[in-house]
Amino acid sequence: MKHKLQSVLVVTSLLSLTLLTIPMQKIFTSAHSTYIPEFTVYGYTQNVIDGFVDDVDVYLDGEVVASSDSNGLFKFKATNSDSFKEVSFVKDGYEITNIVLPSLCDNCDLDTVSIDYPYCFFGKTKYKSSLIYNNWSGYSTRGVNSINFKFSSPYNNFVDSASQINLFVDTGDVTSNFSKGDYEFKIDGKSNLFVYDFGKEEAETDLDIFDLRLEVVDGKTDVYLSVPYSYLNINSDAIIGVNFVDNLVSKNIIADFVFDGEIITSSDTANYVRINKYSTPFCAPNNSYDPLWISKQLKAELIEDKPIAFAIKDKSTNSNADNIYAKVIYKEDSIVFNMIGFGYFESDEYIKCVIHSSPNVFYGWGLDRSDIIILFDKENVRLYNNCSDYFATENTATSPYHTEKLTYHDYINYFTIDVELDLSLFTNILNNKQGFRYAFAEFGDVNNNKTIYAPTNVLEYMFVNNTASGDIAGMNSYIAMKSDLDVITIDKEDKKALTKDLKISFGDPNDTFIEENDDMYLDFKRTNNGIDINIIGFGTFQIYETIKAVLHTNSNNGTGWAIQKEDTSIMFNREKCVIKTNINDFWQLNLINSPGTKESTNKPIFIQYDNYFTLSVSLNYEELKNVSPSSTLSVLFLEMDFIGNVYNGGTYLNEMRHNGNPCGDPAMQASYIPIDICK
């Protein structure tokens with residue numbers, strides 16, 4: 001089946017009909033040539049770094065006609081009617097190369113077709129005044145035979161204007177003023193090209209060896225210039241220094257050249273931007289290249305949508321740490337991991353991620369056996385479960401329950417890891433509305449020992465939006481991930497009908513900044529045998545979320561989260577309810593598995609409906625200790641997560657309401673809601 005290639009570029013060639021200068025052989029021009037109804041077109045696809053490139057799709061007039069083999073060879077049939085049609089060479093990770101098919105051929109040899117890396121940004125211009133005219137951005141890539149430059153402007157101001165681009169190329173050691181082997185290429189708005197060799201007195205007049213093109217599309221301008229290695233008298237892997245200026249002749253203004261936030265003047269050759277064989281730019285006082293150097297602008301662009309950072313080298317005890325940034329995308333039926341690192345990600349290094357979703361919290365590297373451990377290396381992603389220890393996967397006896405390929409790319413001075421995993425693989429996530437917590441770390445096989453790249457400060461391993469999350473050994477440092485599907489909408493009248501008899505409410509998202517609040521209303525009943533708590537909520541009450549209640553029976557009111565030893569604290573989630581007495585601090589019960597608690601024999605009853613949920617628990621007076629049918633009673637209710645954080649991001653005064661009115665600061669027992677004595 002033939003595939004269509006859609007083109008959106010309008011090309012105006014100034015010095016050549018082709019986008020690449022290619023030797024054309026065996027072109028029939030003789031008047032005695034016989035008509036050939038069909039002929040073979042062939043050649044080789046090659047990259048200056050990679051050598052011959054396979055799997056390059058060849059398009060003729062927008063349709064796929066061939067694909068290059070492991071030796072870069074491509075062949076396809078053409079007819080006389082195909083003469084002067086466009087041939088495009090397309091492969092992911094490379095620039096699209098276009099040429100024009102020559103006229104009538106017999107076995108038309110296109111020789112070597114250069115398949116180039118994408119153009120790499122190396123600087124831009126900035127005017128000294130508020131004037132904005134061209135705002136050029138400079139890019140380069142290396143072909144098989146030439147260095148190719150591109151200058152892009154978001155405006156259509158250049159063509160036919162009195163404006164010039166002056167590109168300076170410095171070869172050899174960039175240590176002194178211009179001399180032989182240094183060049184200036186001047187391109188003006190009238191499509192003129194002037195080439196100066198600083199070792200000669202006059203401008204170069206033989207311009208046939210250069211390919212200069214202009215493209216104007218949708219009000220944007222691109223200027224292309226190809227300079228052969230042979231003209232510069234350098235090899236394809238040579239480091240060069242570059243600078244360019246935007247000369248607005250009509251205004252007598254020259255714009256500054258800016259790279260990595262610094263202005264570099266055209267006369268300051270020692271500080272020119274260097275471009276290596278990959279067309280990767282870098283700054284250095286000499287021509288020695290640091291392959292991991294990356295501009296601040298490019299790095300900022302690459303990590304812009306990745307809020308998580310870990311294994312930061314200058315905060316790590318191990319110099320092999322790879323400065324990794326990540327984002328996790330929670331989709332309806334999958335979880336996506338996107339990571340980028342700025343270092344050498346070796347074959348014996350890997351990244352570990354823990355997915356935690358249980359109501360239990362662990363410290364000191366402990367895990368819940370329901371947790372999922374994920375390991376990412378350069379080739380595979382592996383999933384493990386039933387591990388009670390964070391380092392269980394470093395034991396060779398531990399085997400993954402699932403392995404699949406991931407996508408790894410090495411971009412010379414950074415690398416990326418991308419993988420999308422089906423949600424069904426995460427056995428600890430019961431449905432696509434359930435949130436979880438996660439943590440990242442990098443490991444390496446140091447002296448044949450799989451070792452975590454530990455931080456110099458234990459509280460600074462993972463960072464979220466540049467803020468340290470804490471000690472990775474504790475789950476309270478894990479990052480919260482909320483499902484976008486954890487949303488329930490209900491008609492106002494339906495909600496009003498369901499809650500009309502319920503006077504106590506708490507966890508309204510409108511009262512806080514925390515989206516996870518579940519907007520709960522409750523009925524608190526005292527009976528001759530105990531108490532009944534019936535809750536209706538308008539959210540998704542996660543398995544790791546909890547409700548904390550304090551039953552206050554003393555006439556004295558505590559302040560600042562102080563409670564009385566006669567008070568009874570209870571905490572319950574979807575599966576169990578625990579009770580704790582004889583404490584005088586609210587926070588002595590903040591986890592469902594806090595020490596010193598007694599689990600109630602009465603299990604909570606949880607039911608999830610389409611637009612709401614219900615949660616009920618009944619407790620008898622015997623297990624409540626200090627609460628009796630005749631005792632004075634006031635109550636506090638709060639929603640919390642599995643590590644004991646109160647769901648409150650706004651004012652505490654609105655955390656609990658009675659008859660729709662705020663009750664005040666829940667740290668003050670005077671703000672508790674009084675409950676009538678059972679009659």
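The values are calculated or read from the model by the stated rules, or taken from the named source; none is laboratory data. Predicted model only: the values in this text are computed from it and were never measured. Neighbour counts run over all protein chains shown; Cβ positions are idealised from the backbone, glycine included. Accessible surface is based on the protein model in full, side chains and every heavy atom, while ligands, DNA and RNA are left aside. Shrake-Rupley method; radii C 1.70, N 1.55, O 1.52, S 1.80 Å.
Relative contact order of the chain: 8 percent, from C-alpha pairs under 8 Å at least 6 residues apart in sequence. Think of the chain as having a plus end and a minus end, set by charges on the Cβ of Lys, Arg, Asp and Glu; of Ile605, Ile675, Tyr272, Ile675 sits farthest toward the positive end of this dipole. Given +1 at the Cβ of Lys and Arg, -1 at the Cβ of Asp and Glu and no other charges, the dipole of the chain around its Cα centre is 1680 debye to the nearest 20.
The C-alpha atoms of region 590-679 occupy a region whose extents along the principal axes are 37, 32, 32 Å, arranged from largest to smallest.
Highest mean packing comes first when the peptides 662-672, 539-549 are listed by Cβ atoms within 10 Å, giving 539-549, 662-672. Entry note, region 33-166: relative contact order of 22 percent, from Cα contacts under 8 Å with a spacing of 6+ residues. Of the solvent-accessible surface of region 596-661, computed with a 1.4 Å probe and all protein chains present, 47% belongs to carbon and sulfur.
Annotation: per residue accessible area for the chain equals 46 Å², rounded to a whole number [probe 1.4 Å, protein chains only]. State the antiparallel share, in %, of DSSP beta bridges confined to region 39-118, rounding to the nearest 5. Bridges in region 39-118 are about 80 percent antiparallel. Among beta bridges from DSSP that stay inside the chain, the antiparallel ones total about 95%. Over 19 Å, how big is the tail of the calculated P(r) for region 533-649, in percent of all Cα pairs? In whole percent, the long-distance tail amounts to 45. Per-peptide packing, taken as the mean over residues of other Cβ atoms within 10 Å, places 270-283, 595-608 in the sequence 270-283, 595-608 from highest down.
The packing ranking, built from the mean of other Cβ atoms within 10 Å per residue, places the peptides 222-229, 80-87 in the order 222-229, 80-87, highest first. Give me log10 I(q)/I(0) at q = 0.15, 0.19, 0.22, 0.28 Å⁻¹ for region 199-268, Debye formula, one equal scatterer per alpha-carbon, no solvent. So the normalised log intensities work out to -0.85, -1.28, -1.35, -1.19. Residues whose amide H lies under 5 Å from that of Ala454, counting only those 5 or more places away or on a different chain, are Thr317, Asn318; hydrogens are built 1.01 Å from N in the peptide plane. Cross-link check: pairs Lys331/Lys503; Lys496/Lys576; Lys327/Lys496; Lys91/Lys313; Lys433/Lys548 evaluated at a Cα-Cα cut-off of 31 Å; pairs beyond the cut-off: Lys331/Lys503; Lys327/Lys496; Lys91/Lys313.
Each 5 Å bin from zero holds the following percent of Cα-Cα pairs in region 473-601: 2, 8, 15, 18, 21, 17, 11, 6, 2, 0. Assuming a viscosity of 1.002 mPa s and a temperature of 20 °C, what translational diffusion coefficient in µm² per second does Stokes-Einstein assign to the chain, Rh being the Kirkwood radius over Cα pairs? The diffusion coefficient I find is 70 µm²/s. With contacts taken as Cα pairs under 8 Å at a separation of at least 6 residues, region 521-672 carries a relative contact order of 27 percent.
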